[in-house]
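Undergrad: Just passing along the structure, written as structure tokens.
The values are calculated or read from the model by the stated rules, or taken from the named source; none is laboratory data. It should be emphasised that the depicted structure is a prediction, and the values quoted were computed from it without experimental measurement. Because the Cβ atoms are built from the backbone with ideal geometry, glycine has one as well, and the counts that use them run over all protein chains shown.
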Amino acid sequence: MIINNTVDEEKLYNNSNVYASHLKWVPLSEGQRRKFAGREPAPLYGDILIAKLRPGQEIEMELFCEKGIGKTHAKWSPVSTAYYRLTPDINFKKDILGDDAKELKKLCPVGVFDIEDIAGGKKRAVVADARKCTTCRECIRPQKFNEVVDLGKLKDRFEFHVESVGVYKPAELVIEAIKKLKEKAQHWLEVLEHQEASAGAEDLDGVK
Ligand code: SF4
């Protein structure tokens, strides 16, 4: 049936979309109710579409929350994409002026270069934002730029790109991950120290 001369499902059916925000937490005990009062468990993103209902349809379901960590299963991992790279460091071996400066600026698809005015009404290419560089190498294809543009990396500066899919903010994830790394390093340090101490004790026994 077409109502109001429309086939738009959003107008045809009222409240037919079921979203994550429609899920309501039901405490299993009075203790739980008190414990989570004011901060009831709820989906992190309420606008996730769960189902589209049509006349006569209904959903009956019970959901159970299970807390876990990414080490057990990836479904609990708070991170989706994570990678790092060395920070780009771009320099010119000599000035790039005039039309060459304009050409170089155009060559970069992500806008790393810009042009500045210098004395004598001349134009000079400058590196406006090296961090935008994707190392596509387009700017060094022409021989004249290949000899002048130095596409380098800062060896002691890393850029981390982390996407969060959980309650942690990306910046918090990096700090938590570093803490975990430190914990693991500390653990293995203690294991090695213990082994060294045991080996030393055995040597002494042998001497006796
Ligand atoms: S390598 Fe590519 S992204 Fe980087 S500065 Fe050159 S043209 Fe731009």
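Conditions tested, residue by residue: (1) part of a helix (DSSP H, G or I); (2) among the hydrophobic types (A, V, I, L, M, F, W, C); (3) under 22 Å from the mean Cα position of the chain (by Cα).
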| site | (1), (2), (3) |
| --- | --- |
| 157 | no, no, yes |
| 163 | no, no, yes |
| 177 | yes, yes, yes |
| 183 | yes, no, no |
| 187 | yes, no, no |
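Undergrad: Can you name every residue in the range 103-113 that is surrounded by 14 or more Cβ atoms within 10 Å (Cβ to Cβ) and near the ligand (Cβ under 9 Å from one of its atoms)?
TA: First, the residues of the range 103-113 that are surrounded by 14 or more Cβ atoms within 10 Å (Cβ to Cβ): 103-105, 107-108, 112-113.
Within the range 103-113, 104, 107, 108, 112, 113 meet the criteria.
Undergrad: Same structure, new question: From the list 102, 75, which residue is in the same structural domain as residue 142 (by TED's automatic domain parsing), out of contact with any His (no Cβ under 8 Å at 6 or more places or on another chain) and not polar (S, T, N, Q)?
TA: Numbers: 75 fails: in the same structural domain as residue 142 (by TED's automatic domain parsing).
So the residue among 102, 75 that is in the same structural domain as residue 142 (by TED's automatic domain parsing), out of contact with any His (no Cβ under 8 Å at 6 or more places or on another chain) and not polar (S, T, N, Q) is 102.
Undergrad: Kindly indicate which of 176, 116 is more than 16 Å from the ligand (Cβ to nearest atom), surrounded by 11 or more Cβ atoms within 10 Å (Cβ to Cβ) and farther than 30 Å from residue 70 by Cβ.
TA: Details: 176 fails: farther than 30 Å from residue 70 by Cβ.
Matching residue, one of 176, 116: 116.
Undergrad: Identify, please: which residue in the range 32-85 is free of Cβ contacts under 8 Å to residues at least 12 places away in the same chain, of a type in the set (Lys, Arg) and exposed (fewer than 12 other Cβ atoms within 10 Å of the Cβ) and is, among those, farthest from residue 177 (Cα to Cα)?
TA: 34
Undergrad: What single numbered condition from (1) in the same structural domain as residue 130 (by TED's automatic domain parsing); (2) touching a Cys at 6+ places or on another chain (Cβ under 7 Å) fails to hold for residue 41?
TA: Here residue 41 clears every test but (1).
Undergrad: From the set of residues in the range 136-155 that are at pLDDT 95 or above and within 11 Å of residue 89 (Cα to Cα), which is farthest from the ligand (Cβ to nearest atom)?
TA: Among them, the one singled out is 154.
Undergrad: For the range 86-102, what are the residues that are under 34 Å from the mean Cα position of the chain (by Cα), buried (at least 16 other Cβ atoms within 10 Å of the Cβ) and over 27 Å from residue 174 (Cβ atoms)?
TA: Across the range 86-102, the qualifying residue is only 92.
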